[in-house]
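In what follows, a structure is listed as structure tokens, so that the remarks can point back to it.
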Amino acid sequence: MKGMMNALAGLLVAAVALGLPAHAAAAAGEQDPRGVVQSYYAAIDRKDYRAAYQHWDHQGRASGKSYAAFRKGFSTTAHSRVTTGTPTDADAGMSQRWITVPVEVHATLANGKRQHFRGTYTLHRVVEGVGAPAESERWHISSASLRPVP
């Protein structure tokens, strides 16, 4: 029994050395509304527009743009950073959940121009156990309201 425990401990040390908990932490963060918004901007910052698009409800369609238009909208963004506030206005319907996440967004364009926006993202998910696809049970962005800050 002691040998098995040592082997399991060795596997855990190897997993830590490989950085697996960071991946697990990222996946867990996407279950937190703030983590979803932060993950969205991280995808934009690394130019993974497909992953960013998938953060929107209905496989990206809730963004109101086709994937091509969405991608083009970020084509001049060199870097972005988001600060999230405390989620508010948690709302529930029959088997639906919505929550609003306040944000401050700072972006730098490829030409060096800096932009600053303030606003909110509203996230949506279906509660677990009602027979919805697993993807629907995760938080997704359903709408955004961002205004430029002078």
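The values are calculated or read from the model by the stated rules, or taken from the named source; none is laboratory data. What you are looking at is a predicted structure, and each value in this text was computed from that prediction instead of being measured. Neighbour counts run over all protein chains shown; Cβ positions are idealised from the backbone, glycine included.
Structure notes:
- Residue that is nearest to the chain's Cα centre (by Cα) [pool: residues in region 91-123 that are at negative phi and loosely packed, with under 11 Cβ neighbours inside 10 Å]: ALA92
- Pair list, Cβ < 6 Å and 6+ apart or interchain, from region 34-47 residues that are surrounded by fewer than 20 Cβ atoms within 10 Å (Cβ to Cβ) to residues that are part of a helix (DSSP H, G or I) and not hydrophobic (A, V, I, L, M, F, W, C): GLY35/GLY29
- Residue check for HIS55: over 18 Å from SER142 (Cα atoms) and either touching a Ser or Thr at 6+ places or on another chain (Cβ under 7 Å) or among the β-branched types (Val, Ile, Thr) (or both): no
- Residue in region 58-73 that is over 19 Å from ILE44 (Cα atoms) and either at pLDDT 95 or above or part of a helix (DSSP H, G or I) (or both) present: no
- Within region 115-135, residues that are modelled with pLDDT under 95 sit with their Cβ atoms under 7 Å from residues that are of a type in the set (Ser, Thr, Tyr) and part of a strand (DSSP E or B), at 6+ positions apart or across chains, in these pairs: HIS124/SER142.
- All positions within region 62-101 that are under 16 Å from ARG125 (Cβ atoms) and in contact with a Phe, Trp or Tyr (Cβ under 9 Å, 6 or more places away or on another chain): ALA62, ASP89, ALA90, ASP91, ALA92, ARG97, ILE99, THR100, VAL101
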